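A.B. asks: Please see the structure below; I have some questions.
The values are calculated or read from the model by the stated rules, or taken from the named source; none is laboratory data. These figures come from a predicted structure and were not determined experimentally. Note that we place each Cβ from the backbone using ideal geometry, even for glycine, and neighbour counts take in every protein chain shown. Heads up: the accessible areas ignore ligands, DNA and RNA and are worked out on the full protein's heavy atoms, side chains in. Shrake-Rupley method; radii C 1.70, N 1.55, O 1.52, S 1.80 Å.
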Amino acid sequence: MTVLDSTSAHTVQSLYVHHHGWLRGWLQRKLGDACEAADLAHDTFVRLMGSRRLGTLNDEPRALITHIAKGLLVDHWRRRQVQQAYLETLAHLPEPQAPSPETELIVVETLLRIDAMLRGLPARTRQAFLMAQLDGLTLQQIADQTGSTLITVRRDIQRALVGCMALAD
């Protein structure tokens, strides 16, 4: 938990008083939902409290506030996409096989962590891993399709698997 000194706390309080309403309205126009907008506005100021750039705000604090809010908005939309894809997959399962709401939440959180890990990999590594896992291609098939050597494909897939295993910790 971040503990703010009195100057930083005063700065955040002042920013909140002067910009929270504007931010909530801006987010509501983007999201079309007042409750989600209020949540993301709150999260924006929580992130702002932990920002190292808080002390460097000049006459344009909305630039930093907007930057933080846009990042949270992207995360929100990505989460919504993953959740929607998962729910569409569940809709095709017979009723007795449908997971509990708790299990659904755990699966969505895990999928989001995997998505974030994959986005952090180099494009070639991510592509080789997905070709192996989703398309079921052999290492040689991946090497042939990507123009990489067999050892490079093996290293790329190993790197991605290590990333997946790190998520289990």
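A.B. asks: Give the residues of region 17-49 that are more than 21 Å from the chain's Cα centre (by Cα) and crowded, with 16+ Cβ neighbours inside 10 Å, sorted by residue number.
C.D. replies: Selection gives HIS19, HIS20.
A.B. asks: Modelled with pLDDT under 90, of a type in the set (Asp, Glu) and open to solvent by less than 80 Å² (accessible area, probe 1.4 Å): is that true of ASP156 in this structure? Reasoning before the result, please.
C.D. replies: Working: modelled with pLDDT under 90: no; of a type in the set (Asp, Glu): yes; open to solvent by less than 80 Å² (accessible area, probe 1.4 Å): yes.
It is false that ASP156 is modelled with pLDDT under 90, of a type in the set (Asp, Glu) and open to solvent by less than 80 Å² (accessible area, probe 1.4 Å).
A.B. asks: Within region 84-129, which residues are assigned to a helix (DSSP H, G or I), farther than 16 Å from LEU167 by Cβ and open to solvent by less than 70 Å² (accessible area, probe 1.4 Å)?
C.D. replies: ALA85, TYR86, LEU90, THR103, GLU104, ALA123, ALA128
A.B. asks: Only one of ARG79, ARG53, ARG47, ARG62 is charged (D, E, K, R), in contact with a Gly (Cβ under 9 Å, 6 or more places away or on another chain) and part of a helix (DSSP H, G or I). Can you tell me which? It would help to see each step written out before you state the result.
C.D. replies: On the way: ARG79 fails: in contact with a Gly (Cβ under 9 Å, 6 or more places away or on another chain); ARG53 fails: in contact with a Gly (Cβ under 9 Å, 6 or more places away or on another chain); ARG62 fails: in contact with a Gly (Cβ under 9 Å, 6 or more places away or on another chain).
Just a single option satisfies the conditions, and that option is ARG47.
A.B. asks: Restricting attention to region 134-148, and to residues there that are of a type in the set (S, T, N, Q) and under 17 Å from ALA123 (Cβ atoms), which single residue is surrounded by the fewest Cβ atoms within 10 Å (Cβ to Cβ)? Quick ask: steps written out before the conclusion?
C.D. replies: Of region 134-148, the ones of a type in the set (S, T, N, Q) are 138, 140-141, 145-146, 148.
If we keep only those that are under 17 Å from ALA123 (Cβ atoms) too, we end up with 145-146, 148.
Numbers: GLN145: 14, THR146: 16, SER148: 18.
The extreme case among them is GLN145.
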